[in-house]
Amino acid sequence: MPKDFRKLFITRAARIRDAFELLDRSGAGILLLIDGKGRLERTITDGDLRRELLAERRLEDTLEMLPQRTPRTIAPEAGSVEALAVMDEANINQLPVVDDYGKVLALHDRRDFDSRILLSTPHMGKDEFGFVQEAFRTNWIAPLGPNVDAFEQEFCEKLGHKHAAALSSGTAAIHLALRLLDLRQGDIVFCSSFTFVATVNPVLYEKAIPVLIDSDPASWNMSPVALERAFENAKRSGKMPKAVLVAHLYGQSADMDPIMAICDAYGVPVIEDAAETVGTLYKGKPSGSFGRIAAYSFNGNKIITTSGGGMLTCDDPDSVARARHLATQAREPAPHYEHTEIGYNYRMSNILAGVGRGQLRVLDQRIASRRAVFERYRDGLADIGGINWMPEPEWSFSTRWLTTCTINAEIFGMDAASLREALQDQGIETRPVWKPMHLQPLFKGAEYFQHGSASVCDELFATGLCLPSGSNLTDREVDRVIERIREKVCLSD
Ligand SMILES: Cc1ncc(COP(=O)(O)O)c(C=O)c1O
């Protein structure tokens with residue numbers, strides 16, 4: 001549970017001994033003396049109590065004798081800069097936030113202002129540096145080498161894939177997946193609309209046409225209902241897609257059984273954009289192991305990272321060999337430089353693959369930590385109405401890569417955008433959820449198939465918020481976010 005400043009409340013009826021004990025138990029270094037009407041009368045520190053003892057007062061005396069002292073406080077509207085200025089001026093480390101009636105709404109702690117809380121930052125383990133050093137020692141500073149080979153193999157072992165190619169990014173993996181399916185100019189690709197633009201950009205690289213598919217409210221990912229509709233329409237118009245590109249978001253898989261059943265029935269291959277679902281399970285099987293090809297990302301904000309990087313996986317060894325070929329400028333095996341088709345510089349460096357090998361070893365811990373962060377938010381805000389967490393259907397094991405929720409402004413008292421701005425002001429980074437592709441100027445005019453009478457992902461975009469979720473967040477930091485959110489609810493009452 002979050003550190004609750006109400007546990008620091010004490011009244012004049014308490015004894016000096018009680019105050020010492022409470023200070024000791026709470027470890028907060030400050031108590032809040034509250035009058036009969038619940039208003040803050042003054043603060044009490046260890047030093048205040050010791051001065052009373054030096055003045056010949058006894059431990060069994062009550063706090064009645066404590067002199068009146070107007071406490072330094074701050075109004076709830078004040079931002080972090082103002083609060084820090086007051087603390088600096090008064091040379092104090094804690095500052096009660098008090099409303100017009102003198103009631104305490106929160107307690108600022110200087111330590112909370114010293115560091116910003118970011119959305120999702122890299123979290124290294126203990127082995128990464130060793131693999132990187134080995135690359136330096138052996139001078140394998142190249143887009144190939146032993147770390148690359150080992151990372152591909154170890155990734156396959158960890159996630160149950162047959163073959164993998166380590167690449168410079170997740171976007172590169174998606175692009176190569178489309179090339180492997182021989183996507184051509186004018187071909188159609190059915191894509192999740194609710195995703196990061198990197199899912200769909202590679203469709204544009206090939207001058208193909210994205211048709212955008214809405215989300216399922218049960219998973220926030222591609223709606224099988226909208227997908228079926230898109231296929232029925234394609235059949236009628238005779239414009240079948242070359243591929244279906246399914247994005248799995250925020251650590252949770254799409255509902256793959258119905259999606260695969262539909263795509264198999266129409267004989268269209270599936271590419272899984274599993275950039276955000278390294279370690280996620282769908283019905284016990286890894287996300288990315290359902291379609292023909294999968295793409296993963298190790299970008300700096302992901303659950304495990306190589307600072308930048310990606311992986312393409314596929315059961316067919318020839319396809320993965322061809323992906324490697326295309327990723328190395330499609331250079332033909334000749335002593336001179338021979339090229340017959342367009343290629344790319346997409347391979348992962350041997351140094352970064354070393355980071356990836358270390359990160360793979362801590363993947364399970366990172367998942368457990370991210371899930372624990374989510375659970376702490378859920379429990380700490382359980383009594384606050386209007387916050388709805390991203391659902392985790394019974395078939396899903398989400399890594400909770402990002403803790404995401406929607407805010408019902410009427411119940412919560414403010415909308416997601418206002419909450420984001422308010423938290424930003426307190427040094428806490430949150431983000432809106434992805435803006436759907438069909439709302440992006442880049443995809444203006446693209447065909448879009450909704451899940452039902454209203455667009456699900458429009459609503460998610462209007463109300464969604466991603467909270468700080470890093471596996472390296474401390475409990476104290478998560479509690480700080482919880483407290484700040486709770487404070488906003490009190491304010492908007
Ligand atoms: C859903 C999704 N797809 C694709 C990507 C692209 O991955 P990368 O940044 O490694 O190119 C990302 C992340 O950045 C993503 O979140």
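Report, please, the projected area of the stretch 5-114 averaged over directions, based on the convex hull of its C-alpha atoms, in nm².
Working: hull surface 27.1 nm².
About 6.8 nm², averaged over all directions.
A simple packing score, the average count of other Cβ atoms within 10 Å per residue, orders the peptides 252-263, 190-201, 337-348, 150-161 as 190-201, 252-263, 150-161, 337-348, with the highest score first.
Which value results for Rg/Rh of the stretch 1-48 when Rg is the Cα radius of gyration and Rh the Kirkwood radius based on the inverse mean 1/r? Before the final figure, lay out each step's value.
Numbers: Rg = 10.2 Å, Rh = 10.9 Å.
Reported Rg/Rh, Kirkwood definition of Rh: 0.94.
Using alpha carbons only, the radius of gyration of the stretch 128-360 set against its Kirkwood radius gives Rg/Rh = 0.99. When all alpha carbon pairs of the chain are counted in 10 Å bins from zero, the resulting P(r) reads 4, 18, 24, 20, 15, 10, 6, 3, 1, 0 %.
For the chain, what is the calculated [θ] at 222 nm in deg cm²/dmol (nearest 500), taking -39500 (n - 2.57) for each run of four or more DSSP H residues and dividing by its residue count?
On the way: 17 runs with 182 residues, N = 493.
The helix-only estimate for the chain comes to -11000 deg cm²/dmol at 222 nm.
Legend: Rg and Dmax of the stretch 278-333, from Cα coordinates, 13.4, 42 Å. With contacts taken as Cα pairs under 8 Å at a separation of at least 6 residues, the chain carries a relative contact order of 18 percent. Axis angle, to the nearest 10 degrees, between helix 146-159 and the longest C-alpha principal axis of the chain: 80 degrees. Phi-derived couplings, Karplus 6.51 cos²θ - 1.76 cosθ + 1.60 at θ = phi - 60°, listed residue by residue for the stretch 52-60: 5, 5, 5, 8, 6, 7, 9, 4, 7 Hz, with x used for Gly and Pro. How many percent of DSSP beta bridges within the chain run antiparallel, rounded to 5? Taking every DSSP beta bridge within the chain, about 65 percent pair in antiparallel fashion.
In the stretch 229-359, the C-alpha radius of gyration followed by the widest Cα-Cα span (Dmax) gives 17.2, 52 angstrom. When peptides 456-463, 271-278, 237-244 are ranked by their average number of other Cβ atoms within 10 Å per residue, the highest-first order is 271-278, 456-463, 237-244. Per-residue 3J(HN,Hα) values for the stretch 30-46, derived from phi via the Karplus relation 6.51 cos²θ - 1.76 cosθ + 1.60 with θ = phi - 60°, read 7, 10, 10, 7, 10, 8, x, 9, x, 9, 6, 8, 6, 9, 10, 10, 3 Hz in sequence order (x marks Gly and Pro). As an equivalent ellipsoid, the stretch 29-84 spans semi-axes of 27, 14, 8 angstrom, where each value is the square root of five times an eigenvalue of the C-alpha gyration tensor, largest first. Based on the Kirkwood approach, the hydrodynamic radius assigned to the stretch 363-492 is 15.9 Å, with every pair of different Cα atoms included. Axis of helix 256-266 versus longest Cα principal axis of the chain: the two differ by about 20°, to the nearest ten degrees. Any chance you could give the angle, 0 to 90 degrees and rounded to 10, that helix 224-237 forms with the longest Cα principal axis of the chain? Once rounded, one gets 30 degrees.
Read the figures in this text as sums done on the coordinates, not as results from a lab. Computed from a predicted structure; not experimentally measured. We place every Cβ from the backbone using ideal geometry, glycine too, and count neighbours over all the protein chains shown.
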